[in-house]
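A.B. asks: I have a structure here, written as structure tokens, and I will follow up with some questions on it.
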Amino acid sequence: MCNERCIWVCRGDLCETIYNKPNKFLLRTTPNNGLDEINATREGLSFIRNWELWKFNRRLVTKFLTNQKFLGYALEHIQVVWEEMETYLKEYEILGNDNNGEILDFSKWVSAWSTDITLFLFTNQNVHSLAIYNSTPSQNSLLLQNIPKSILKSPDAFIENTTAYLGSWLFFAFTPKFIRMLSGFRERVKSFYDKRNSLRRDIKEIIQKRRKEIEIVNNDDEYDNSQNGLYPDLLATILTTNDNGSINKNIEYNEDNVHSKYMTDDDITGLLIDVMSGGVETTPSTICYVVYFLAHYPAVRECLLKELDHTFGRSPDYKFEIEDLNKLKYCEAVIYEVMRIYSTASSNYRMSNEPCEIGGYAFPKYTQFLLNYQVINSHHAHWINPNGFNPERFLKSSIDSRKSNQYFQAFGGGLRVCPGKALAMIQLKSFLVLLYRNWEVELVDMNAPIKSHYATTKSCQQLEVKIRKRKFV
Ligand code: HEM
């Protein structure tokens with residue numbers, strides 16, 4: 001990829017041209033030996049090159065992630081994990097009272113929160129990364145007791161390995177093989193492989209454990225799913241359809257009747273890692289960027305608080321539903337505006353599998369395109385005052401929106417649009433509701449820029465904050 005022509009698409013209307021002709025742009029990249037080497041072109045979703053397999057995997061994942069019952073269940077679970085998070089925040093608040101506020105690296109907290117949610121929703125296993133993170137002596141000696149047992153040996157390592165896995169795409173795709181073999185690069189390659197192998201081992205153990213759990217349920221004639229509230233997670237959905245089990249008979253995903261091959265545990269591992277890693281870094285980083293911008297724009301924060309108070313009253317424990325979240329138009333506008341001005345996914349790729357015309361220029365088949373979201377999201381042709389932070393532009397009532405929104409790029413588009421978009425928006429909105437309705441967040445250093453690192457996505461490296469209970473006047 002690095003030694004071939006790559007066309008940068010820097011206007012939203014041209015991006016739409018690509019999205020609207022999905023049959024001409026089925027795959028992301030031209031053939032790439034780096035992606036082949038890490039198996040990314042043979043499994044999962046993002047870079048798989050077998051189109052029939054992509055369709056099969058994608059249908060399965062999309063059906064699961066967009067199911068309204070699943071999204072409702074996800075929201076319930078998000079609130080359960082928040083309750084746990086709040087117990088730690090309360091401990092920190094007590095500690096902070098002695099020395100004018102305890103400093104927290106919020107990026108680690110949100111990552112742990114999101115990992116707990118994602119692993120549970122997708123595999124029904126408890127990781128307890130929040131509990132373990134907060135129980136380390138360096139964090140808080142008050143919380144050392146009662147550390148629950150995690151399905152993973154080290155949730156921290158799991159998060160690190162997932163991030164490394166995401167970063168490996170860019171590294172292997174763009175670093176030619178002979179450079180990867182040079183000293184200095186060789187060590188990096190080895191480190192990627194070690195982390196990838198460790199991640200795969202973790203996921204395979206989870207698959208085996210979940211398979212055993214399903215067997216027990218299937219062998220128990222008395223077991224009634226609906227009574228026991230057993231919700232089919234993504235892994236159970238794959239396993240039961242794949243192994244012809246019965247835990248989840250009513251979700252049929254093999255509609256094409258073309259795909260008769262059973263998925264091996266390797267196939268399932270590849271797909272799970274791909275889907276989970278899609279959310280493990282993007283969503284928590286976006287939350288951190290929203291917290292950063294809200295600290296810098298107090299007037300916007302006030303408007304957000306007004307909307308929250310208006311929607312939920314001042315009841316700190318109100319359990320909300322998806323319909324409640326749908327009412328939060330200003331909250332949504334704040335999230336979009338942060339994503340516009342500081343995109344977590346700042347670019348995307350497509351390859352033409354047929355000759356095509358973009359912006360009046362003809363391109364042969366097998367041309368590589370880079371869709372530059374960062375530039376599109378601040379292009380003067382699409383936005384009024386693109387460098388200003390102004391969530392109002394995303395509100396329908398605002399006159400500022402006349403030129404914008406339509407070309408906003410955050411979750412991609414067309415056939416390959418992000419399948420986790422609905423889940424991500426639920427996570428983002430509910431986190432902001434849960435945090436800001438009860439807590440005040442202050443940045444430790446208001447002059448510090450955002451600390452992020454770009455490797456496939458722009459991930460937040462650190463966000464130091466002080467948190468205290470919100471005071472109502
Ligand atoms: C703020 C959060 C997120 C952002 C900004 C984001 C952004 C994106 C973007 C830009 C793409 C490429 C779409 C395209 O090519 O048109 C994508 C793909 C993908 N996303 Fe997300 N995403 C987020 C959250 C999630 C979550 C929560 C999940 C899973 C639960 C997820 C899973 C995936 C997967 C599996 C793909 C590959 C789809 C394919 O190639 O068919 N994402 N995402």
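Please treat every number below as a calculation from the coordinates, not as lab data. The structure displayed is predicted, hence computed values, not measured ones. So basically every Cβ, Gly included, is an ideal-geometry build from the backbone, and we count neighbours across all protein chains shown.
A.B. asks: Residue farthest toward the positive end of the dipole of segment 325-382, with Cβ of Lys/Arg at +1 and Asp/Glu at -1: which of 336, 372, 325?
C.D. replies: 325
A.B. asks: Just for the chain, what percent of DSSP beta bridges are antiparallel, to the closest 5?
C.D. replies: Given both bridge residues lie in the chain, the antiparallel proportion sits at roughly 85 percent.
A.B. asks: So what's segment 346-473 giving for Rg/Rh, alpha carbon basis, Kirkwood Rh from the mean inverse pair distance? Spell out each step's value before the answer.
C.D. replies: Numbers: Rg = 19.2 Å, Rh = 18.4 Å.
That ratio is 1.04, to two decimals.
A.B. asks: Quick check for me: using +1 on Lys/Arg Cβ and -1 on Asp/Glu Cβ, what's the dipole size of the chain about its Cα centre, in debye to the nearest 20?
C.D. replies: Here the chain has a charge dipole of around 1500 debye.
A.B. asks: Distance from the Cα centre of segment 16-91 to that of segment 410-466, in angstrom?
C.D. replies: Result: 18 Å between the Cα centres.
A.B. asks: I've got another one for you. So what is the relative contact order of the chain, in percent, for Cα pairs below 8 Å that sit 6 or more residues apart?
C.D. replies: Computed value for the chain: 26 percent relative contact order.
A.B. asks: In nanometres, what is the gap between the two model label sites at residue 183 and residue 469, each 7 Å from Cα along Cα-to-Cβ?
C.D. replies: A separation of 6.1 nm, rounded to one decimal place.
A.B. asks: Sequence gap at least 6, Cα distance under 8 Å: using those rules, report the relative contact order of segment 359-473 to the nearest whole percent. Show your work: numbers first, answer last.
C.D. replies: On the way: 81 pairs, mean separation 18.0, N = 115.
RCO, segment 359-473: 16 percent.
A.B. asks: Determine the calculated [θ] at 222 nm for the chain from helices alone, applying -39500 (n - 2.57) to every DSSP H run no shorter than 4 residues and normalising by the residue count; nearest 500 deg cm²/dmol.
C.D. replies: Taken over the chain, the calculation gives -16000 deg cm²/dmol.
A.B. asks: Could you check how many percent of all C-alpha pairs in segment 325-419 are farther apart than 19 Å? All intermediate terms of the calculation are to be shown ahead of the outcome.
C.D. replies: Numbers: 2159 of 4465 pairs.
That fraction is 48 percent.
A.B. asks: Mind jotting down a quarter of the surface of the convex hull over the alpha carbons of segment 7-77, in square nanometres, one decimal?
C.D. replies: The Cα convex hull of segment 7-77, projected and averaged over all directions, gives 7.1 nm².
A.B. asks: How large is log10 of I(q)/I(0) for the chain at q = 0.07, 0.11 Å⁻¹ when the intensity is taken from the Debye formula with one equal scatterer per alpha-carbon?
C.D. replies: Calculated log10 I(q)/I(0) at the listed q: -0.38, -0.99.
A.B. asks: Go through 385, 420, 431 and say which Cα lies farthest out towards the positive end of the charge dipole of segment 353-448; charges sit on Cβ, +1 for Lys and Arg, -1 for Asp and Glu.
C.D. replies: Towards the positive end, the residue furthest out is 420.
A.B. asks: When you count, for each residue, the other Cβ atoms within 10 Å and take the mean per peptide, how do 195-201, 63-69 rank with the highest first?
C.D. replies: On the way: 195-201: 17.0, 63-69: 15.4.
So the order, starting with the most tightly packed, is 195-201, 63-69.
A.B. asks: So what is log10(I(q)/I(0)) for segment 294-375 at q = 0.13, 0.20 1/Å, when the Debye sum runs over its Cα atoms only?
C.D. replies: Once normalised to I(0) and log-transformed, intensities are -0.64, -0.94.
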